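One structure is given below, encoded as C-alpha coordinates.
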(Lines give C-alpha, C1' and ligand atoms only; values in the text may rest on other atoms or scores of the structure.)
Protein backbone atom coordinates (compact mmCIF):
# COMPACT_ATOMS: atom_id res chain seq x y z
CA UNK A 1 0.00 0.00 0.00
CA UNK A 2 1.26 3.45 -0.79
CA UNK A 3 0.79 5.67 2.21
CA UNK A 4 -0.42 9.16 1.50
CA UNK A 5 1.67 11.73 3.28
CA UNK A 6 -0.14 13.94 5.76
CA UNK A 7 -1.34 17.16 4.20
CA UNK A 8 -0.51 20.61 5.45
CA UNK A 9 -4.02 20.98 6.81
CA UNK A 10 -5.75 20.48 10.11
CA UNK A 11 -9.27 19.28 10.78
CA UNK A 12 -11.36 21.87 12.59
CA UNK A 13 -14.82 21.66 14.13
CA UNK A 14 -16.08 25.17 13.34
CA UNK A 15 -19.27 24.68 15.36
CA UNK A 16 -17.27 24.22 18.57
CA UNK A 17 -14.13 26.12 17.50
CA UNK A 18 -11.83 23.21 18.28
CA UNK A 19 -9.12 21.34 16.34
CA UNK A 20 -9.70 17.61 15.95
CA UNK A 21 -6.45 16.82 14.12
CA UNK A 22 -3.20 18.59 13.28
CA UNK A 23 -2.07 15.96 10.76
CA UNK A 24 -4.54 14.73 8.14
CA UNK A 25 -3.85 11.77 5.89
CA UNK A 26 -6.22 10.94 3.02
CA UNK A 27 -7.11 7.52 1.69
CA UNK A 28 -8.80 8.01 -1.67
CA UNK A 29 -7.34 5.17 -3.78
CA UNK A 30 -9.25 1.88 -3.52
CA UNK A 31 -6.40 -0.04 -1.86
CA UNK A 32 -5.79 2.77 0.65
CA UNK A 33 -9.50 2.92 1.53
CA UNK A 34 -9.69 -0.84 2.02
CA UNK A 35 -6.58 -1.03 4.21
CA UNK A 36 -7.14 2.17 6.19
CA UNK A 37 -5.23 1.89 9.47
CA UNK A 38 -4.48 -1.83 9.17
CA UNK A 39 -0.90 -2.71 9.99
CA UNK A 40 -0.36 0.21 12.34
CA UNK A 41 0.35 -0.44 15.99
CA UNK A 42 -0.49 3.08 17.18
CA UNK A 43 -2.51 6.11 16.16
CA UNK A 44 -1.14 9.30 17.71
CA UNK A 45 -3.24 12.09 19.17
CA UNK A 46 -3.56 14.83 16.58
CA UNK A 47 -3.64 12.41 13.63
CA UNK A 48 -6.60 11.71 11.35
CA UNK A 49 -7.27 9.44 8.40
CA UNK A 50 -9.92 10.62 5.94
CA UNK A 51 -11.47 7.85 3.86
CA UNK A 52 -13.39 9.12 0.86
CA UNK A 53 -15.71 8.06 -0.59
CA UNK A 54 -16.92 5.97 2.34
CA UNK A 55 -20.12 5.33 4.28
CA UNK A 56 -19.16 2.35 6.49
CA UNK A 57 -15.97 1.05 8.10
CA UNK A 58 -14.62 -1.95 9.98
CA UNK A 59 -11.86 -2.47 12.50
CA UNK A 60 -11.12 -6.11 11.69
CA UNK A 61 -7.46 -6.98 12.39
CA UNK A 62 -6.81 -3.59 14.03
CA UNK A 63 -4.81 -3.35 17.26
CA UNK A 64 -6.48 -0.34 18.92
CA UNK A 65 -9.85 1.40 19.21
CA UNK A 66 -10.67 4.50 17.16
CA UNK A 67 -13.29 7.23 16.94
CA UNK A 68 -15.13 7.50 13.62
CA UNK A 69 -16.89 10.62 12.38
CA UNK A 70 -19.10 10.31 9.30
CA UNK A 71 -19.54 13.47 7.22
CA UNK A 72 -21.95 14.38 4.44
CA UNK A 73 -20.79 16.11 1.25
CA UNK A 74 -20.86 19.52 2.93
CA UNK A 75 -18.73 18.44 5.91
CA UNK A 76 -21.60 18.20 8.38
CA UNK A 77 -21.37 15.37 10.94
CA UNK A 78 -24.08 12.77 10.30
CA UNK A 79 -22.86 10.19 12.84
CA UNK A 80 -20.14 9.73 15.44
CA UNK A 81 -18.94 6.34 16.63
CA UNK A 82 -16.68 6.86 19.63
CA UNK A 83 -14.35 4.17 20.96
CA UNK A 84 -14.93 1.69 18.12
CA UNK A 85 -13.00 -1.37 19.31
CA UNK A 86 -11.09 -3.83 17.12
CA UNK A 87 -13.13 -6.51 15.34
CA UNK A 88 -16.22 -4.35 14.93
CA UNK A 89 -18.05 -2.84 11.94
CA UNK A 90 -20.33 0.14 11.59
CA UNK A 91 -23.63 0.13 9.78
CA UNK A 92 -23.92 1.93 6.46
CA UNK A 93 -24.70 5.63 6.75
CA UNK A 94 -26.35 6.53 3.47
CA UNK A 95 -25.99 10.29 4.05
CA UNK A 96 -22.21 9.94 4.58
CA UNK A 97 -19.73 10.82 1.85
CA UNK A 98 -16.59 10.29 3.91
CA UNK A 99 -15.42 9.10 7.29
CA UNK A 100 -12.72 10.53 9.51
CA UNK A 101 -10.86 8.03 11.68
CA UNK A 102 -9.37 9.58 14.81
CA UNK A 103 -7.59 8.34 17.92
CA UNK A 104 -10.05 7.02 20.51
CA UNK A 105 -11.24 9.78 22.82
CA UNK A 106 -11.05 12.60 20.27
CA UNK A 107 -14.84 12.86 19.86
CA UNK A 108 -15.37 13.10 23.63
CA UNK A 109 -12.45 15.52 24.14
CA UNK A 110 -13.70 17.91 21.46
CA UNK A 111 -17.43 17.53 22.11
CA UNK A 112 -18.02 16.75 18.43
CA UNK A 113 -21.57 15.60 17.72
CA UNK A 114 -24.14 15.15 14.97
CA UNK A 115 -24.86 18.41 13.18
CA UNK A 116 -21.42 19.96 13.78
CA UNK A 117 -19.61 21.46 10.79
CA UNK A 118 -16.05 20.22 10.11
CA UNK A 119 -13.59 21.79 7.67
CA UNK A 120 -10.05 21.20 6.50
CA UNK A 121 -8.02 24.36 6.99
CA UNK A 122 -4.42 25.13 6.10
CA UNK A 123 -2.27 25.01 9.21
CA UNK A 124 -1.07 28.58 8.67
CA UNK A 125 -4.69 29.83 8.46
CA UNK A 126 -5.65 28.88 12.02
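Please give the number of the condition residue 4 fails out of (1) modelled with pLDDT of 90 or more; (2) surrounded by fewer than 17 Cβ atoms within 10 Å (Cβ to Cβ); (3) more than 12 Å from the chain's Cα centre (by Cα). It is condition (1) that residue 4 fails. The condition of being surrounded by 15 or more Cβ atoms within 10 Å (Cβ to Cβ), assigned to a strand (DSSP E or B), out of contact with any helix residue (DSSP H, G or I) (no Cβ under 8 Å at 6 or more places or on another chain) and modelled with pLDDT of 95 or more holds for only one of 12, 24, that being 12.
Residue-by-condition table, conditions (1) more than 11 Å from the chain's Cα centre (by Cα); (2) within 14 Å of residue 67 (Cα to Cα):
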| position | (1), (2) |
| --- | --- |
| 79 | yes, yes |
| 90 | yes, yes |
| 93 | yes, no |
| 99 | no, yes |
| 104 | no, yes |
| 108 | yes, yes |
| 113 | yes, yes |
| 117 | yes, no |
| 121 | yes, no |
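The values are calculated or read from the model by the stated rules, or taken from the named source; none is laboratory data. It should be emphasised that the depicted structure is a prediction, and the values quoted were computed from it without experimental measurement. Every residue, glycine as well, gets a Cβ built from its backbone with ideal geometry; the counts of neighbours run over all protein chains shown.
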